[in-house]
1. Going by the conditions given, is Lys133 within 15 Å of the ligand (Cβ to nearest atom), open to solvent by 40 Å² or more (accessible area, probe 1.4 Å) and either within 25 Å of Ile191 (Cβ to Cβ) or without any contact (Cβ under 8 Å) to a residue 60 or more places away in the chain (or both)?
2. Hey, can you tell me all the residues within segment 77-125 that are free of Cβ contacts under 8 Å to residues at least 60 places away in the same chain, open to solvent by 10 Å² or more (accessible area, probe 1.4 Å) and in a helix (DSSP H, G or I)?
3. If I ask for residues that are open to solvent by 20 Å² or more (accessible area, probe 1.4 Å) and closer than 21 Å to Lys115 by Cβ, which ones from segment 1-13 would you list?
4. Would you mind finding the one in Phe55, Phe39 that is surrounded by 21 or more Cβ atoms within 10 Å (Cβ to Cβ), touching a residue at least 24 places away in the same chain (Cβ under 8 Å) and within 13 Å of the ligand (Cβ to nearest atom)?
5. Of all residues in segment 220-232, count the ones that are assigned to a loop (DSSP other than H, G, I, E, B) and more than 13 Å from the ligand (Cβ to nearest atom).
6. Looking at Glu177 and the list (1) away from the ligand (no atom under 12 Å from the Cβ); (2) modelled with pLDDT under 95; (3) open to solvent by 70 Å² or more (accessible area, probe 1.4 Å), which single condition is not satisfied?
7. Counting just the residues of segment 58-76 that are open to solvent by 10 Å² or more (accessible area, probe 1.4 Å) and within 17 Å of Ile210 (Cβ to Cβ), which one comes out farthest from the ligand (Cβ to nearest atom)?
8. Evaluate the following for Lys113: is it more than 15 Å from the chain's Cα centre (by Cα) and within 15 Å of the ligand (Cβ to nearest atom)?
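The values are calculated or read from the model by the stated rules, or taken from the named source; none is laboratory data. Values in this document were obtained by computation on a predicted structure and should not be read as measured data. Cβ placement follows ideal geometry from the backbone for every residue including glycine, while neighbour counts extend to all protein chains displayed. Side chains included, ligands, DNA and RNA excluded: accessible areas come from the protein's heavy atoms. Shrake-Rupley method; radii C 1.70, N 1.55, O 1.52, S 1.80 Å.
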Amino acid sequence: MNKERFIEEAKELNIILDKEELDKFETYKNLLKEYNKKFNLTSITDDENIYLKHFYDSLCLFKVPELINASTLLDIGTGAGFPGIPIAICKKNIKVTLVEANGKKCNFLNLVKEKLNLNNVEVINRRAEDYTKTHKNEYDIVTSRAVAHLSVLSELEIPSLKINGYFLPLKSNIDNEIIESSNKIEKLGGIIEEKIAFKLPIENSNRSIIKIKKIKETPEIYPREYSKIIKEIK
Ligand code: SAH
């Protein structure tokens, strides 16, 4: 996706990118390419695919109207910053917390935060299950892309959501995971409201965002230790 197309497609998501934001995306892309030579941050390394599969794909979270009025967002297993950093670039009035277990990736995230002057971003170098255990009922939105099975993610993330907040996992193929996770989501206090399915422009690959609303308090025992959480997955 070239920059002109990126600007156009962002408009379709009701995001009007100004020069400062476009410069930030360009700096972010250059930092990703530079640091990828030293550490393995991402397998996507050419300009057009960085814009399509990292930047635009992350911004697709704006398909969810509830994001507009949210003031806090937690991105678990953010890796090199997706989807959290593109959202923070475009929406300055949201506080974005990035949780990532890998220390080298956190060093990269802190560098991006500094170079892009992202005062609305906080980087936490911890495992998600430890972080959410001590940050319950705090966030308007929790999200994740390409980290774990929906059932695992639900236990890592729903405890941190406020009541009436939304858990919005970004997935490519999700139908089986929804079936396998629906009881667990209910136990955690969530309800699956909607699956937003769409295709990524240019390559037409399948994407979906699941809208899961927290309607009740999560029982105190969650999240459990990671070994217990993953035992339930076949
Ligand atoms: N969300 C990013 C990265 C996906 S790779 C993207 O879509 O590009 C998965 C990332 O999740 C890795 O960086 C890994 O270190 C991190 N991760 C996996 N399990 C985690 C956990 N329990 N707590 C925190 N980070 C975790």
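1. Details: within 15 Å of the ligand (Cβ to nearest atom): yes; open to solvent by 40 Å² or more (accessible area, probe 1.4 Å): yes; either within 25 Å of Ile191 (Cβ to Cβ) or without any contact (Cβ under 8 Å) to a residue 60 or more places away in the chain (or both): yes.
Yes, satisfied.
2. Once the filter is applied, which keeps residues that are free of Cβ contacts under 8 Å to residues at least 60 places away in the same chain, open to solvent by 10 Å² or more (accessible area, probe 1.4 Å) and in a helix (DSSP H, G or I), segment 77-125 yields Gly103, Asn107, Asn110, Lys113, Glu114.
3. Our first condition is that a residue be open to solvent by 20 Å² or more (accessible area, probe 1.4 Å); within segment 1-13, this holds for 2-5, 7-9, 11-12.
Within segment 1-13, Lys3 is the sole residue that qualifies.
4. Numbers: Phe39 fails: surrounded by 21 or more Cβ atoms within 10 Å (Cβ to Cβ).
Result: Phe55 is the single residue among Phe55, Phe39 that is surrounded by 21 or more Cβ atoms within 10 Å (Cβ to Cβ), touching a residue at least 24 places away in the same chain (Cβ under 8 Å) and within 13 Å of the ligand (Cβ to nearest atom).
5. Narrowing segment 220-232 to residues assigned to a loop (DSSP other than H, G, I, E, B): 220-225, 232.
Then keep just the ones that are more than 13 Å from the ligand (Cβ to nearest atom); that gives 220-222, 232.
Qualifying residue count for the region: 4.
6. (3)
7. Here is the first cut: in segment 58-76, the residues open to solvent by 10 Å² or more (accessible area, probe 1.4 Å) are 62-63, 65-66, 68-69, 71-72.
Next, from what is left, pick out any that are within 17 Å of Ile210 (Cβ to Cβ): 62-63, 65-66.
Details: Phe62: 16, Lys63: 17, Pro65: 23, Glu66: 20 Å.
Only one residue tops the list, namely Pro65.
8. Values: more than 15 Å from the chain's Cα centre (by Cα): yes; within 15 Å of the ligand (Cβ to nearest atom): no.
Here the answer is no, as Lys113 does not meet what is asked.
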